1. Write out, first by first residue and then by second, each pair whose Cβ atoms fall under 9 Å of each other, whose residues are 6+ apart or on separate chains, and whose first residue, in segment 150-174, is farther than 16 Å from Ser329 by Cα while the second is assigned to a loop (DSSP other than H, G, I, E, B) and among the acidic types (Asp, Glu).
2. Given the structure, is Ala549 surrounded by 17 or more Cβ atoms within 10 Å (Cβ to Cβ) and aliphatic (A, V, I, L, M)?
3. From Leu613, Leu578, grab the single residue that is over 23 Å from Asp104 (Cβ atoms) and either within 20 Å of the chain's Cα centre (by Cα) or in contact (Cβ under 8 Å) with a residue 40 or more places away in the chain (or both).
4. Go through segment 437-458 and give me each residue that's basic (Lys, Arg) and either under 22 Å from Asn116 (Cα atoms) or touching a Phe, Trp or Tyr at 6+ places or on another chain (Cβ under 6 Å) (or both).
5. Quickly run through segment 215-238 and pick out the residues that are of a type in the set (A, V, I, L, M, F, W, C) and at pLDDT 95 or above.
6. For segment 319-331, does any single residue satisfy the condition of being farther than 22 Å from Phe471 by Cβ, surrounded by 22 or more Cβ atoms within 10 Å (Cβ to Cβ) and not small (Gly, Ala, Ser)?
7. Can you find a residue that is touching a Lys or Arg at 6+ places or on another chain (Cβ under 9 Å) and buried (at least 23 other Cβ atoms within 10 Å of the Cβ) anywhere in segment 135-151?
8. Would you confirm whether any residue within segment 315-323 is aliphatic (A, V, I, L, M) and more than 16 Å from the ligand (Cβ to nearest atom)?
Amino acid sequence: MPRISRRDFLNGMALTIAPGLTPAAQLAADPARYPPALTGLRGQHPGSFEVAHEIARGPRGRIDEGAIEESYDLVVVGGGISGLAAAWFFRRAAGPEARILVLDNHDDFGGHAKRNEFTLERRLIIGYGGSQSIQSPRTLYSDVARGLLRDLGVDIGRFDTAFDRNLYSSLGLSRGVFFAREAFGSDVLVPGDFMTRPANEPARLRGPKLREEVVAAFPISQASKAQLLALYDATHDPLAGRSVAEKLRLLKTTSYRDYLIKICGCSDEVANCFQGRTLGFFALGSDAVPAAELREFGYPGFAGLGLPASEYPEWQEPYIYHFPDGNASLARLLVRALVPGVAPGDTMDDVVLARFDYAALDREEHNTRIRLDSTCIDVRHASERVVVDYVRAGTPHRIDAKHVVLACFHMVIPHIAADLPAAQRHALSQNVKAPLVYTNVLVRDWQPWIRLKVFDISAPMSFHSRVALDFPVSLGGYRHPRDPGEPMLLHLQHVPGAPNSGLDARAQFRIGAATLLGMAFSDFEQIIRDELDRMLGPGGFSSARDIAAITVNRWPHGYGYVANSLFDGDDYEEITALARRPFGRIAIANSDAGGDAYAHIAIDQAERAVRELLQG
Ligand SMILES: Cc1cc2nc3c(=O)[nH]c(=O)nc-3n(C[C@H](O)[C@H](O)[C@H](O)COP(=O)(O)OP(=O)(O)OC[C@H]3O[C@@H](n4cnc5c(N)ncnc54)[C@H](O)[C@@H]3O)c2cc1C
């Protein structure tokens, strides 16, 4: 085992992080560990991030001379979809004899692709804690990503029947909007929706009421209601007199909130009806999302501008490509293909209920191994090898490999790969991830939703900007609840930040991440109970009686950074290209390397990184 120098930060750190590591260390010691069934604070859970944060605070610690404990052909840092896919592509190219180790700092594999399980009255209920769905696979997926899905046995057409697109509408439920008293004076839930999108879902999910009827029930002034409805008026051009190019430029450099207030003449009240609606997709409120982006998404206010219609075929694909545990099934399929004996079965159906044996992930007799609870702290070349140092349960270890793929967050890499050129480290540091929280609340039944006639609530000024019944997917022997008397998972989204502060996206993300890290489970629980009681109470909901379990998936480092025309120049693609450059025997993957936060990008970037190593 390597010796750590006296001056090294790890000495001090061992004192400060030992309590945080205790659960992980306990889990590691427990052969029956089964992380998907853990409730409470999950996502980037206590015990997973402390070592990395200590390194980021610096000064960087290097382990003094120490023996190499193990040698591999490939070490992958990061066991998310990208890291697992990198292991898969490498093994395909190098053959099954190749020795591969995947390191990840969490107690579960999959990174953002996280499975949450619950058991209530001996019934298993499966949810997703992060990476939600396969987004628009027919239009967005490359041949590489599609090929991997095919090789893993994923047939996209299977979701046509697995996802029940009629369940909620057949019960008379539609989307709805919740207005919180703090911003709107009173708590009001309005069934029906006033938006024309998403384009990829049937109109019936917006409910039977006309837009005018829905808006009439909003707790805003008559003048504001008129302003809101006028946004849909195609005969009025708020930018009359400007050329098409000028209009497009202005929309790229003006936030939607500013567009509504300063250009369309709307009140704050109207802007507040949209404020948090953008959070789920952009992790930013409408004050930090360019108007141009929301024009593409069908937000109102643009119909009279006379601009060419934008064609985004991906938004025409239905949003149904969802396993009961979201993209965690992709991670599980990869792990099952990589590690012998870890789980039974060989189809996309049987992976849903397959029980994974976590004790089998890291066995000496296997050529591919996945080591959890392990944070990489240093990667550097040493003659023809790469030395990798990592910390597990408070103990430093040293291994080496012929090749390394860094499939971890880009913002971590400058702290663990000091040999990279300074310009590349700077480029990597520009990828500030967006914080967000996906919470699963298990309720004993969902009768209140039937009484309130909603299945998906947007709450534009609440802590949780979206509260919804889980996606109705039945697959591989797993049956989604159909009867409102059955237990159900509620999906809650929260995005912290600094809305309306004038700060740019990165600054808002940093503030949001720090806020999340400062919150205990009890803080979340109190807000969850309060908001659900206020939203659903009129339908007979009582948090004290109806909630059976809560899992808060907290992601201080969630979506990878996506260029934002309010804050970034046109050079973000160049910055990303510089960030992902291979360096000697080290290649760089993760969805961050593609400049977008999607599973298919994570896969594409894994394949590219492995190709670079093998061609290099
Ligand atoms: C809440 C949420 C919802 C999302 N929804 C969707 C969706 O619907 N569809 C979609 O396509 N994408 C979605 N995404 C994007 C998601 O990021 C990608 O789908 C995909 O999971 C990214 O995989 P990755 O391997 O690139 O990164 P990650 O999943 O982040 O994996 C990287 C891993 O590296 C680990 N790591 C970091 N530093 C170290 C270190 N020093 N040592 C060891 N390990 C380290 C990280 O902790 C992490 O486990 C969502 C993301 C979030 C957060």
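1. Close Cβ pairs (under 9 Å, with a partner that is assigned to a loop (DSSP other than H, G, I, E, B) and among the acidic types (Asp, Glu)) amount to Arg165/Glu201; Ser170/Asp164; Ser174/Asp193.
2. Yes.
3. Checking each option against the conditions leaves just Leu578.
4. Of everything in segment 437-458, just one residue is basic (Lys, Arg) and either under 22 Å from Asn116 (Cα atoms) or touching a Phe, Trp or Tyr at 6+ places or on another chain (Cβ under 6 Å) (or both), namely Arg444.
5. Taking segment 215-238 first, the residues of a type in the set (A, V, I, L, M, F, W, C) are 215-218, 220, 223, 226, 228-231, 234.
Within segment 215-238, Val215, Ala216, Ala217, Phe218, Ile220, Ala223, Ala226, Leu228, Leu229, Ala230, Leu231 qualify.
6. no
7. So far as segment 135-151 goes, no, none of its residues is touching a Lys or Arg at 6+ places or on another chain (Cβ under 9 Å) and buried (at least 23 other Cβ atoms within 10 Å of the Cβ).
8. No; the residues of segment 315-323 include none that is aliphatic (A, V, I, L, M) and more than 16 Å from the ligand (Cβ to nearest atom).
The values are calculated or read from the model by the stated rules, or taken from the named source; none is laboratory data. Given the structure is predicted, the values throughout are model-derived calculations rather than measurements. Virtual Cβ from ideal backbone geometry, glycine too; neighbours counted across all protein chains shown.
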